[in-house]
Amino acid sequence: MTVLAAIKAAPKRCVATVIERAEECSSAGGSHVLLLSSALKIHFGGHGVNLPAMTVGDVYLVGWDPKDAGTSVENRKWCVPAWTIDGRAIAVLPVADEAEGTRLLAELAK
């Protein structure tokens, strides 16, 4: 399955911007990214997941699942911050800007 197919198949889709990134201090490591779309906060990554460069301000087309809404990803022993999330990203695709993401979002809705 391609990234676009995974985004299209996701329960929800949006264009979101990286607002925070944290690296675990566990032995396995792991990257955690917090994305913001309107007022929605979406988590991507996790324990043992080493994400490529996703920096604050980067924009993504996101397929996500709201099933963990209202939960925190905090894990103090692994240095993961107490982010309360509205869902978890299933797949992300980098886009040049919000306009490109919105255009792709409209194409996926067809």
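Bear in mind that the values in this text are calculations on the coordinates, not laboratory data. The model shown is predicted, which means the values in this text are computed figures rather than measured ones. Using ideal geometry, Cβ is built from the backbone for each residue, glycine included, and neighbour counts are taken over all protein chains shown.
Ignoring everything except DSSP H segments at least 4 long, calculate the 222 nm mean residue ellipticity for the chain; use -39,500 (n - 2.57) per segment, divide by total residues, nearest 500. Let's see the in-between values first.
Details: 2 runs with 18 residues, N = 110.
Helix-only estimate at 222 nm: -4500 deg cm²/dmol.
Please report, to one decimal in angstroms, the Kirkwood hydrodynamic radius of the chain built from all distinct Cα-Cα pairs. Please list the in-between numbers first.
Details: mean 1/r = 0.0714 Å⁻¹.
It is 14.0 Å.
Tell me, in nm to one decimal, what length is gained between A69 and A39 on full extension, where the rule is 0.36 nm per residue of separation less the Cα-Cα distance?
Contour length minus Cα-Cα distance gives 9.5 nm.
Might you report the magnitude of the Cβ-based charge dipole of the chain about its Cα centre, with Lys and Arg at +1 and Asp and Glu at -1, to the nearest 20 debye?
Numbers: 11 positive and 12 negative charges, 64 e Å.
With only Lys, Arg, Asp and Glu charged at Cβ, the dipole is about 300 debye.
Need one number: the % of Cα-Cα pairs in segment 37-99 sitting beyond the 20 Å mark.
On the way: 557 of 1953 pairs.
That tail contains 29 percent of the Cα-Cα pairs.
With contacts defined as alpha carbon pairs under 8 Å and 6 or more residues apart, what's the relative contact order of segment 3-108 in percent? Mind showing how you got there, number by number?
Details: 252 pairs, mean separation 33.1, N = 106.
The value is 31 percent.
Sequence neighbours fewer than 8 away in the same chain don't count; with that in mind, list the lysines whose C-alpha is under 18 Å from K8.
K67, K110
Could I get the Rg over Rh figure for segment 14-65? Both from C-alpha atoms, Rh via Kirkwood, rounded to two places.
Working: Rg = 11.0 Å, Rh = 11.2 Å.
Ratio of gyration radius to Kirkwood radius: 0.98.
Over segment 18-75, what relative contact order in percent results from Cα pairs under 8 Å that are six or more residues apart?
30
On a 0 to 90 degree scale, rounded to 10, what angle separates helix 98-108 from the longest Cα axis of the chain?
On a 0 to 90 degree scale, this one is about 70.
Can you sort K8, K41 by how many other beta carbons sit within 10 Å, fewest first? Walk me through the numbers before you get to the answer.
Values: K8 16, K41 19.
Listed from fewest to most nearby Cβ atoms, that is K8, K41.
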